[in-house]
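Remarks on the structure that follows.
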Amino acid sequence: MAWGEEGGTAAVECAAVAGVAPEVPREDVGRSLGLTRRLAAPVREAVAIAPSTRRSRAHLLALFALAGLGACRDPAAGPGKLSGVHRLPVYRVMRAEGAIEVDGRLDEPAWCRAFEMPLVNSLDGSPPRYPTVARLLWDDRFLYVSFEAEDDQVYVATGRRYGDPIYEDEAVELFVDPAGTGRGYVEIDVSPANVRFDARFAHWRSDLGRAREWNSGALTATRVERDARGDCGFTVEMAVPLASLFGPGPLPRAGDRFRANLYRIENRNRRGVREGQAFSPPLRGDFHALDRFGWLVLDGGNSPGEASPPR
C-alpha cells in the first residue's frame, strides 16, 4: 500500500519498450472509460522487442526508461492530486485468444503475445535488484495480469488469510482507477502463497475498513520456483472480472484506456535488500500516488470472438 523512504516501487516512466508509449498529452489526462472511446493519438511503440519470457531483459528495459525519467518528474503533485503530468507510461493490453487457465504457469500461447512490462524502482526509476516482469491480457469478461519475479528467498508470513495486510510482507499489487478521477479506485494484492487482499477506495486513502468490504472476485494462482540452491522466484497469475472493476457502468471495449499501476514489494532476501517496484514510479513513498498512475490501452486484436471463462 505504501513504501517508506528506504525502499520503493518504481516503474517504467517514459519507457521505450514494445507496447509502452512514452507520452499522454496533458489535455487527455483524466479522460477515460465513459469519457472517451478513442485515443487522441496512436500508441507508439518506441522499440520493437518481440514478447519473451526471459526475465534477463528487465535490467536493459529499465535502463531505457531512465533516459526520459528526469523529464517526467512531478515534485509539486500532492497525494491524490491528478496533476496532468505530460508523460506517463502507456501499456498496450493485447486481447487474449483462447482460454486462459489460471494456474500460475503462463503456458498459454496468448501470454507469449503479451508485451513485457518490466518494473523499476518506485522512488527513482532505477533497475531493481530483483527484477520483475508483468504482462497483461484482456477479453470480454476479464483483465488478466501476470508477474514473474526473481527472488532468492520467497517470504510468506504464517497464518495470513484473505483480507490480511499482506502488503506488510511480500506481494504484487494491481491498482486500477477506472474513471481516472481518483474516486472509486481499487487495489488487489496477491502474496506468493496466493493470499489475496482487496480494497475499493472512495477517494485517496479513504476509510480502509470500508474499502476492505469490497471483493474483487479475482481468480488467482501462484507458483514458487526452486532449484538445488533454494528459491529462484515466483509467479502470480490473476483473472479479474471487468464487471468487478468497472461495474455498474459499461464495460470497456477495444480502444478504451484507463489509469492503473502495478507494484511489487520485496522485503526478505539473501542480499538484505528492501525495495518496491512499479509500472509507473510514484517518485515518492506512496503507492496510492494517483497522479502517477500510467495508462492501459485495450488492443482490439484480430478476432474479438467470445470470451472464454478462466478455469
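The values are calculated or read from the model by the stated rules, or taken from the named source; none is laboratory data. Because the structure is a prediction, the values reported are computed rather than measured. Positions of Cβ are generated from backbone atoms using ideal geometry, with glycine treated the same way; all protein chains shown enter the neighbour counts.
I'm checking my understanding of the structure. Among residues of the stretch 199-230 that are out of contact with any Gly (no Cβ under 7 Å at 6 or more places or on another chain) and aromatic (Phe, Trp, Tyr), which one is nearest to Leu242 (Cα to Cα)? Break it down stepwise before answering.
Going through the stretch 199-230, the residues out of contact with any Gly (no Cβ under 7 Å at 6 or more places or on another chain) turn out to be 199, 201, 205-211, 213-220, 224, 226-230.
Subsequent filtering for residues that are aromatic (Phe, Trp, Tyr) retains 201, 214.
Values: Phe201: 17, Trp214: 14 Å.
Once the filter is applied, the top-ranked residue is Trp214.
Can you confirm whether the stretch 110-122 contains a residue that is part of a loop (DSSP other than H, G, I, E, B), aromatic (Phe, Trp, Tyr) and under 29 Å from Val273 (Cα atoms)? Give the steps one after another, and end with the answer.
Keep residues of the stretch 110-122 that are part of a loop (DSSP other than H, G, I, E, B), which gives 114-116, 119, 122.
The next check asks that each one be aromatic (Phe, Trp, Tyr); those that pass are 115.
Next cut, under 29 Å from Val273 (Cα atoms) only: 115.
Yes, there is a match, as at least one residue in the stretch 110-122 is part of a loop (DSSP other than H, G, I, E, B), aromatic (Phe, Trp, Tyr) and under 29 Å from Val273 (Cα atoms).
So Pro127 ticks every box in (1) over 17 Å from Ala199 (Cα atoms); (2) touching a helix residue (DSSP H, G or I) at 6+ places or on another chain (Cβ under 6 Å); (3) not in a loop (DSSP other than H, G, I, E, B) but one. Which box is left unticked?
All conditions pass for Pro127, except number (3).
Find the residue count for the stretch 162-194, including only residues that are in a loop (DSSP other than H, G, I, E, B), among the hydroxyl-bearing types (Ser, Thr, Tyr) and buried (at least 23 other Cβ atoms within 10 Å of the Cβ). Break it down into steps so the answer makes sense when it comes.
Let us first name the residues in the stretch 162-194 that are in a loop (DSSP other than H, G, I, E, B), namely 162-165, 169-170, 178-184, 191-194.
Pick out the ones that are also among the hydroxyl-bearing types (Ser, Thr, Tyr) and you get 162, 181, 191.
Checking the rest, the ones that are also buried (at least 23 other Cβ atoms within 10 Å of the Cβ) come to 191.
Qualifying residue count, the stretch 162-194: 1.
Take the residues of the stretch 129-161 that are among the charged types (D, E, K, R), within 19 Å of the chain's Cα centre (by Cα) and at pLDDT below 95: which is surrounded by the most Cβ atoms within 10 Å (Cβ to Cβ)?
Restricting attention to the stretch 129-161, the residues satisfying the condition of being among the charged types (D, E, K, R) are 129, 135, 139-141, 148, 150-152, 160-161.
Pick out the ones that are also within 19 Å of the chain's Cα centre (by Cα) and you get 129, 135, 139, 141, 148, 150-151.
Narrowing the set further to residues that are at pLDDT below 95 leaves 129, 150-151.
Details: Arg129: 15, Glu150: 20, Asp151: 22.
Top of the filtered list is Asp151.
From the list Asp286, Asp231, Asp291, pick out the single residue that is buried (at least 18 other Cβ atoms within 10 Å of the Cβ), of a type in the set (Asp, Glu), over 14 Å from the mean Cα position of the chain (by Cα) and more than 22 Å from Arg129 (Cβ to Cβ). Can you show your working first?
Details: Asp286 fails: more than 22 Å from Arg129 (Cβ to Cβ); Asp231 fails: more than 22 Å from Arg129 (Cβ to Cβ).
None of the others qualify; the one that does is Asp291.
Tell me which residues, restricted to the stretch 195-208, are out of contact with any helix residue (DSSP H, G or I) (no Cβ under 8 Å at 6 or more places or on another chain), crowded, with 18+ Cβ neighbours inside 10 Å and assigned to a loop (DSSP other than H, G, I, E, B).
Hits for the stretch 195-208: nothing passes.
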